Amino acid sequence: MEEISKVPAHVSIIMDGNGRWAKQRGKERVYGHAEGVESVRACVEAAAEAGVKYLSLFAFSEENWGRPESEVNTLMELMMKAIADEITSLAKEGIAFRVLGNLSRLSPSLLEAIAAAEKKTAPREGCEPLMTLVIFLSYSGKWDILQAAEKLALEYAGKPQELHDLPVTALDRYLVTAGIPDPDLLIRTSGEMRISNFMLWQTAYTEFLFVDKLWPDFRKEDFREALAEFARRDRRYGKVK
Ligand code: IPE
Ligand code: IPE
Ligand code: MG
């Protein structure tokens, strides 16, 4: 295995291609979603082993609510099941679990399970988690920017000059990702080369990696290869080296 010299602090993944994976096998799309959970498990392990501090996964977009009701329901049930199955081991390993997005659209039972899981895995006062696993659920980048702008506008209501003088970073603390560093590496599986309304603001200087494998086929070795590719990138942030 190639030595990984520069480990990204935050790796984000657009987990795409579950439906196609199932279709290739003559099965229903939901079969691909279930198999995709295995890839999540593998990548969580690989990320923690490599010393990644934040692993964030795009699990369900605001636009995905427009899919057939049966598929949406299966995805939500899979989320419930994954939380129930994994939370004890995440807590044991010191991995903090967080869910970000427009949560007002989720069912009360799922919200309850999420709150309990976040509480169970929350790091104790003064302790740093080994890693934080962030699941983006009912999330869209434009929604995030709009809800943050609304909060910022309320804070500075009646103070237009102060609002005008704010640095661009002022929005960060109202985004749902407040306190989480911007992603260093964003991986998208399935060969699609688009951002699909994921973290639009936060990916200003993120390194992108598009891989052809479908999400259920993306496992530990693929994650490690992505880290190796990241280590070869030269980040300049618009400057001259
Ligand atoms: C990703 O796989 C999972 C979600 C978006 C929920 P898809 O369901 O988009 O699978 P494809 O892209 O149709 O193959
Ligand atoms: C992006 O995948 C969203 C998630 C992986 C959760 P989609 O399958 O929804 O994106 P499009 O439709 O190909 O852009
Ligand atoms: Mg897709």
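What follows draws every value from the coordinates through simple rules; no lab data is involved. All values derive from a computational prediction rather than experimental measurement. Backbone-built Cβ (ideal geometry, glycine too); neighbour counts: all protein chains shown.
List of remarks:
- With both labels modelled 7 Å from their Cα along Cα-to-Cβ, the Thr203 to Leu152 distance reads 2.0 nm.
- With R₀ fixed at 35 Å, the C-beta to C-beta distance from Thr88 to Gln161 puts the FRET efficiency at about 0.10.
- Per-selection Kirkwood Rh - segment 117-241 (Cα, Å, 1 d.p.): 17.5
- Placing unit charges on the Cβ atoms only, positive for Lys and Arg and negative for Asp and Glu, gives segment 103-241 a dipole magnitude near 180 debye about its Cα centre.
- When the trypsin sites (Lys or Arg not before Pro) in segment 113-164 are filtered for DSSP coil states and for at most 13 other beta-carbon atoms within 10 Å of their beta-carbon, the remaining sites are Arg124.
- Taking every C-alpha pair closer than 8 Å and separated by at least 6 residues, the mean separation divided by the residue count of the chain gives a relative contact order of 30 percent.
- Shape class of the chain from the Cα gyration tensor (axes a ≥ b ≥ c, square roots of the eigenvalues): rounded, since a/c falls below 1.5.
- Descending principal axes extents, segment 162-231, alpha-carbon based, whole Å: 50, 24, 17
- Of all stretches in the chain that contain no chymotrypsin sites (Phe, Trp or Tyr not before Pro) in a DSSP loop with at most 12 other Cβ atoms within 10 Å, the longest one is 1-204.
- The average projected area of segment 1-141, computed from the convex hull of its Cα atoms over all directions, is 10.0 nm².
- In segment 93-144, GluC sites (Glu not before Pro) in a DSSP loop with at most 11 other beta-carbon atoms within 10 Å: Glu125
- One decimal place: the segment Glu112-Glu69 gains 13.3 nm when fully extended, by the rule 0.36 nm per residue minus the C-alpha distance.
- Calculated mean residue ellipticity at 222 nm for the chain: -13500 deg cm²/dmol, from DSSP H runs with n ≥ 4 weighted as -39500 (n - 2.57), summed, divided by the residue count and rounded to 500.
- Order of Asp144, Asp182, Asp172 - criterion: other Cβ atoms within 10 Å of each residue's Cβ, fewest first: Asp172, Asp182, Asp144
- Sequence-distant contacts, meaning Cα pairs under 8 Å at least 6 residues apart, place the relative contact order of segment 63-175 at 27 percent.
- Its relative contact order, with pairs defined as Cα atoms under 8 Å and 6+ residues apart, puts segment 173-222 at 43 percent.
- Cα-based shape type of segment 77-147, given that a ≥ b ≥ c are square roots of the gyration tensor eigenvalues and the cut on a/c is 1.5: oblate
- Separation of alpha-carbon centers, segment 1-71 and segment 154-194, rounded to whole Å: 24
- Among Ser104, Ser39, Ser70, sorting on how many other beta-carbon atoms sit within 10 Å of each Cβ, with the fewest leading, yields Ser104, Ser70, Ser39.
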